[in-house]
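The values are calculated or read from the model by the stated rules, or taken from the named source; none is laboratory data. Because the structure is predicted, anything quoted here is derived from the model rather than measured. We place every Cβ from the backbone using ideal geometry, glycine too, and count neighbours over all the protein chains shown. The accessibility values were calculated without ligands, DNA or RNA, using every heavy atom of the protein model including side chains. Shrake-Rupley method; radii C 1.70, N 1.55, O 1.52, S 1.80 Å.
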Amino acid sequence: MESAKTSIIAGIVLMAVGLLFLLDRLGVVDSGVYVPALMFAAVGAVFLGVFFRRRDQWWAAIPGSVFLGLAAVITASQVAPGSAGGAYLFLFMAAGFAAVYARVPANWWAIIPAGVMFTLAVIVALPALQGMAVAGVLFLGLAGTFGALSAVPVRTSGHTATMKWPLIPAAVLGVLGVLFALQATALLVPLEFAVPAVMILAGIGLLVYDYRIRGRGPRTH
């Protein structure tokens, strides 16, 4: 069965390449432009085939998304030169990590790179963002990622519960993101004092969180 599926994929790839070369000979398209994209897409499809066939092969979604993203970037650069085609790579990678979590919810860590990649895709897709605006979007995106992570149920010690620790980096990154965004719109004074203040407050938050965790520990009589 596995060899049959591999043969089907190989057959489809060969037909696509053959059709591309035929169109090149007919002067319809330039095969040299699209062959690399097709090759990357074919490799990505192979990895995704592995991902969908076996539950324990969740890792295949990551390289599969990378190759498909590269194919999308090459295609976008040819179809619309000068566009923010590089955003497709980060967008596909975000989808790949999201698929890892969707396939195996125990891999909650995949939410973090998924959020990071999606944030980078937004930044690349909006070339008008410059300087502090980029930092603002980046930190707000990371804050949203950790905020979403805090709502994910995780099974530990025989029971399922949500994690609380992501709320701390979410709050810190969110505050920094707002500060950078305000700085970008010239609504705030320079951040010489704001950033250290946020770091101090974050440190206090960590100490309070650690104290509360210790207070919930087992008690001896």
Please verify whether region 1-14 includes one or more residues that are among the charged types (D, E, K, R), open to solvent by 40 Å² or more (accessible area, probe 1.4 Å), assigned to a helix (DSSP H, G or I) and at pLDDT below 70.
yes
Exactly one of Ala95, Ala102, Ala60, Ala76 is modelled with pLDDT under 90 and hydrophobic (A, V, I, L, M, F, W, C), and that one is Ala76
Among (1) surrounded by 16 or more Cβ atoms within 10 Å (Cβ to Cβ); (2) modelled with pLDDT under 90; (3) not aromatic (Phe, Trp, Tyr) - the single one Val66 does not satisfy:
(2)
Counting only residues that are open to solvent by 30 Å² or more (accessible area, probe 1.4 Å), touching a residue at least 40 places away in the same chain (Cβ under 8 Å) and assigned to a helix (DSSP H, G or I), how many does region 143-173 have?
1
For region 130-142, what are the residues that are open to solvent by 40 Å² or more (accessible area, probe 1.4 Å) and over 27 Å from Pro63 (Cβ atoms)?
Gln130, Gly131, Met132, Val134, Val137, Phe139, Leu140
Report, by residue number, each residue of region 89-128 that is open to solvent by 40 Å² or more (accessible area, probe 1.4 Å) and either outside any helix (DSSP H, G or I) or among the hydroxyl-bearing types (Ser, Thr, Tyr) (or both).
Tyr101, Pro105, Ala106, Leu126, Pro127, Ala128
Between Ala72, Ala76, which is assigned to a helix (DSSP H, G or I), small (Gly, Ala, Ser) and buried (at least 21 other Cβ atoms within 10 Å of the Cβ)?
Ala72
